[in-house]
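S.K.: Sharing a structure, written as structure tokens. Questions coming.
The values are calculated or read from the model by the stated rules, or taken from the named source; none is laboratory data. Just so it is clear, the structure is predicted and the values come from calculations on it, not from any experiment. Positions of Cβ are backbone-derived with ideal geometry, glycine not excepted, and every protein chain shown enters the neighbour counts. Remember, those area values only see protein heavy atoms, side chains included, never the ligands or the DNA or RNA. Shrake-Rupley method; radii C 1.70, N 1.55, O 1.52, S 1.80 Å.
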Amino acid sequence: MSSISFTSVVKTLTELGKNYWLTRFVLQRSLALVYLIAFIAVVHQFKPLLGQHGLLPVPLFIEQVSFAESPSIFYWFPKDFAFDLFGWIGITLALFALSGFSEKFGNLASAGTWSALWVIYLSYVNVGQTFYGFGWETLLLEAGFLAIFLGSDKTTPPFLVILLFQWLLFRLMFGAGLIKIRGDSCWRDLTCLKYHYETQPMPNPFSWYFHLLPEWTGKMGVLFNHFTELVVPFAYFAPASIAGLAGLITLFFHGWLFASGNFAFLGFLTMVLALSTFSDSWLKRIIPLHTPTLASPTAFHSSIIVGLTAIIAALSYYPVRNMLSSRQAMNASFEPIHLVNTYGAFGTITRPRYEVIVEGTDDNAITPSTRWREYEFIGKPGDIHHTPPQVAPYHLRLDWLMWFLPFRATVTPKGVAMPYGEEPWFISFMGKLLKGDKPVLGLLRYNPFPGAPPKFVRALLYEYHFATPEDHTTAAAIWDRKLVGLYFPAVSLHDEGFRQAFMAIAGE
């Protein structure tokens, strides 16, 4: 009887899966594009940040953290050549999946490609420390793990895996909604967007214009946010016609966020996940592809999918408990390979915006007349006349961490209580500037000392606000800023205390 029951369930799921061939088609290729973007960032940024001579070297990290706590292939190969090699392998595999060739040679080739992508990216994330501590890293890993089981384009899509993608999207969106409604009071009085466009981590070229929108549009935007994150997610599991509508609302919502700011690949990946809500009846309207004759899943394949579903269900206990908790954590993993995680973002909106501005001088001594010159970052605000660039879905990891720095600063009427000792990577960064480290300088937009490194560096804290329309017109300014105080004192490599701290962190 149980055998007959299992067979009938598998038959029903197979019939449902036939409605998601195009869904799988766009999911796999879109997810491959996210992987490609992520691995391009690895190739360009990993060594300066985490390589053998990076800001937080991986070799020092793996001496302190066991493989069981943070499994990674780099425990066996903690070398720069390996960081480069696997980054390029990741790019190659992502292109292979993006082209669709990974799905042309059966389930084994498909699963092998997606497994390799997952293992390699997991290896970077698990040794990436604070530079890879963002929620979208685990989101990509969780989605990438599910992609291993989607199957090749000649087989019937596993409907349960499509449901697991929808479950991931639900936890992402609903978790974000809960943390907001429980968090900052501005989410309840509908004023958060009054501050958000100006104080978000990485504004883009359009953020200034969004900031100028009438106040009523901001309140409507917050209401739409609550509707999209707290109500719409329940419709992901509705019949196809309703689920597709919920997916459209989610796409529009994250399209708005994408247009108004830089959020790395978080919004783009969320839009990819939203594709799981569309059945072929929706997608055939814009993708004129004919569904081929599909092979039914084998009993072995069906058993694997059922086992996967059971594992995800069991591991969902802690994320669900976190979502329902009054002490909800923002982004968290509960096991070292990040199979099922909890998500949430912007529970608190910063106001006002503080920016750490790094300066250097080639003077031999610090005097009142010392001439300081500013380093400029690619994405983070600095020069008040520089329009913020559009970089998303690419992720500028150093720029993002610079946004977090002022959160630990205590601003008082007398100045800034300097907490820089709590951020080892920033001490290492200042030391690298003093050494004129070319890989680290390559992460910046402008190095004011191209010929020789500075003798001293320091950091100041400024309060930033978007420029008024008048200043924008007359002075071509995007920002207005005022000095708050000293964030990091002037140091040189001759300062023994600083030099020892730098050497201990960077392994110099």
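S.K.: Scan the stretch 393-407 and report the pairs whose first residue is free of Cβ contacts under 8 Å to residues at least 24 places away in the same chain and under 14 Å from residue 132 (Cβ atoms) and whose second residue is assigned to a helix (DSSP H, G or I) and of a type outside the set (Ser, Thr, Tyr), with Cβ atoms within less than 7 Å and a gap of 6+ or a chain change.
M.R.: Once the first residue is free of Cβ contacts under 8 Å to residues at least 24 places away in the same chain and under 14 Å from residue 132 (Cβ atoms) and sits in the stretch 393-407, no partner that is assigned to a helix (DSSP H, G or I) and of a type outside the set (Ser, Thr, Tyr) comes close enough.
S.K.: Can I ask one more? From the residues in the stretch 74-115 that are outside any helix (DSSP H, G or I) and charged (D, E, K, R), which one is nearest to the chain's Cα centre (by Cα)?
M.R.: 79
S.K.: Suppose we filter the stretch 332-369 for residues that are without any contact (Cβ under 8 Å) to a residue 24 or more places away in the chain and either outside any strand (DSSP E or B) or under 24 Å from residue 411 (Cβ atoms) (or both); how many remain?
M.R.: First pass over the stretch 332-369, keeping only residues without any contact (Cβ under 8 Å) to a residue 24 or more places away in the chain: 332, 334-335, 365, 367-369.
Filter again for either outside any strand (DSSP E or B) or under 24 Å from residue 411 (Cβ atoms) (or both), leaving 334-335, 365, 367-369.
Here the count works out to 6.
S.K.: Moving on to the next point. Filter the stretch 239-287 for residues that are assigned to a helix (DSSP H, G or I), among the hydroxyl-bearing types (Ser, Thr, Tyr) and open to solvent by less than 40 Å² (accessible area, probe 1.4 Å) and give the result. Spell out the reasoning first.
M.R.: Within the stretch 239-287, the subset assigned to a helix (DSSP H, G or I) is 240-260, 266-277, 280-283.
Cutting the leftovers down to among the hydroxyl-bearing types (Ser, Thr, Tyr) gives us 241, 250, 260, 270, 276-277, 281.
Listed by number, the residues that qualify are 250, 260, 270, 276, 277.
S.K.: For the stretch 211-228, what are the residues that are open to solvent by 30 Å² or more (accessible area, probe 1.4 Å) and under 20 Å from residue 249 (Cα atoms)? I'd like the intermediate steps shown before the answer.
M.R.: Taking the stretch 211-228 first, the residues open to solvent by 30 Å² or more (accessible area, probe 1.4 Å) are 211-217, 219-220, 223-224, 227.
Within the stretch 211-228, 217, 219, 220, 223, 224, 227 meet the criteria.
S.K.: Of all residues in the stretch 372-409, count the ones that are farther than 23 Å from residue 449 by Cα and β-branched (Val, Ile, Thr).
M.R.: Within the stretch 372-409, residues that are farther than 23 Å from residue 449 by Cα and β-branched (Val, Ile, Thr) number 1.
S.K.: Scanning the stretch 433-473 for residues that are charged (D, E, K, R) and part of a helix (DSSP H, G or I), which turns out farthest from residue 406 (Cα to Cα)?
M.R.: 470
S.K.: Being hydrophobic (A, V, I, L, M, F, W, C), assigned to a helix (DSSP H, G or I) and farther than 14 Å from residue 348 by Cα is the filter; apply it to the stretch 180-210 and report the residue that is least open to solvent (accessible area, probe 1.4 Å).
M.R.: 208
Rundown of residues vs (1) open to solvent by 60 Å² or more (accessible area, probe 1.4 Å); (2) touching a residue at least 24 places away in the same chain (Cβ under 8 Å); (3) closer than 17 Å to residue 372 by Cα, yes/no style:
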{"position": "444", "(1), (2), (3)": "no, yes, no"}
{"position": "447", "(1), (2), (3)": "no, yes, yes"}
{"position": "466", "(1), (2), (3)": "no, yes, no"}
{"position": "474", "(1), (2), (3)": "yes, no, no"}
{"position": "488", "(1), (2), (3)": "no, yes, yes"}
{"position": "492", "(1), (2), (3)": "no, yes, yes"}
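S.K.: When you look at residue 22, is it open to solvent by 40 Å² or more (accessible area, probe 1.4 Å) and modelled with pLDDT of 95 or more, yes or no?
M.R.: Judged against the criteria, residue 22 is not a match.
S.K.: Working carefully through the options 71, 59, find the one that is open to solvent by less than 60 Å² (accessible area, probe 1.4 Å), touching a residue at least 60 places away in the same chain (Cβ under 8 Å), over 12 Å from residue 38 (Cα atoms) and assigned to a helix (DSSP H, G or I). Let's see the steps before the verdict.
M.R.: On the way: 71 fails: assigned to a helix (DSSP H, G or I).
Just a single option satisfies the conditions, and that option is 59.
S.K.: How many of the residues making up the stretch 133-175 are within 21 Å of residue 305 (Cβ to Cβ) and assigned to a helix (DSSP H, G or I)?
M.R.: 20
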